[in-house]
Amino acid sequence: MTAKTIITSADSLYAGELHRSSENFSLEAYGRYADLFFRAYYDYGTAAQREAEDVMFDIWIDEPMRRDPVYLRDIRSGHAAPGMRCDRLYLANPRGAQKDFTVVVESAVRVDSQATTLSDHKHRSSDNFSVDGLPEGEISFHLFYHYGTPIQARASGISFAVRQNRLMHHPPVIWEQVTDGACVRSYGYERLYIADPQGASEPFTVIITEA
């Protein structure tokens, strides 16, 4: 299993607090350049577990004796963001929550792709990437336009293949018709690349996580 950070949040602010709805948590376990994926759940770890799609929240940095700065704003379940190695973070300003909820943070593989195949290539639209850092088993693909910017948005309507770069051999197709939210079986492949994208209006980013 990959490392996960699990945070419990109240559905509203703690009594006497201006922004805080959780205890402090740390993201120092992730690499300096790791990309992180955030998912929110009601009844996490129980038979009634479901994604808390209606919840929005922020993450602030606890700075004693100073005004707390904001790390991320307006996060919903499914949000991806560049990692930050900090051990004094907390959830803040929950909006829309029906009840207390749980946020699960995990590391991810990021791949940037062009909207069409690269010049002088038959299929390729990205650099090589590897999923050997994720455990063998089911992995998920999450597609974004303008990843890491204030106008980041899910990139629905895109499909592509994933091929494997093999020197002196025709690159085989590992997965076909990959779309936003797709889950596939992985065996720790290396030297992969995005191929033959369809339906993309501009360059996009693929975030890959354990399913």
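The figures follow:
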{"item": "Residues within the stretch 118-139 that are farther than 19 Å from Ala200 by Cα and either in the same structural domain as Tyr71 (by TED's automatic domain parsing) or of a type outside the set (Asp, Glu) (or both), tallied", "result": "9"}
{"item": "Sole residue being surrounded by 13 or more Cβ atoms within 10 Å (Cβ to Cβ), among the charged types (D, E, K, R), modelled with pLDDT of 95 or more and touching a Pro at 6+ places or on another chain (Cβ under 8 Å), chosen from Asp11, Asp35, Asp58", "result": "Asp11"}
{"item": "Only one of Ala200, Ala195 that is touching a residue at least 12 places away in the same chain (Cβ under 8 Å) and in a strand (DSSP E or B)", "result": "Ala195"}
{"item": "Lone qualifier among Ala161, Ala153, Ala108 - being buried (at least 17 other Cβ atoms within 10 Å of the Cβ), within 26 Å of Tyr42 (Cβ to Cβ) and out of contact with any Lys or Arg (no Cβ under 8 Å at 6 or more places or on another chain)", "result": "Ala108"}
{"item": "Any hit, the stretch 156-172, residues being within 30 Å of Ser12 (Cα to Cα) and not assigned by TED's automatic domain parsing to the domain that holds Tyr41", "result": "no"}
{"item": "Only listed residue being crowded, with 20+ Cβ neighbours inside 10 Å and either of a type outside the set (S, T, N, Q) or over 26 Å from Gly45 (Cα atoms) (or both), chosen from Val131, Val173", "result": "Val131"}
{"item": "Extreme residue, nearest to Ala81 (Cα to Cα), among residues of the stretch 143-171 that are among the small types (Gly, Ala, Ser) and touching a strand residue (DSSP E or B) at 6+ places or on another chain (Cβ under 7 Å)", "result": "Gly148"}
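The values are calculated or read from the model by the stated rules, or taken from the named source; none is laboratory data. Note that the structure is a prediction, hence the values are computed from the model and not measured. Backbone-built Cβ (ideal geometry, glycine too); neighbour counts: all protein chains shown.
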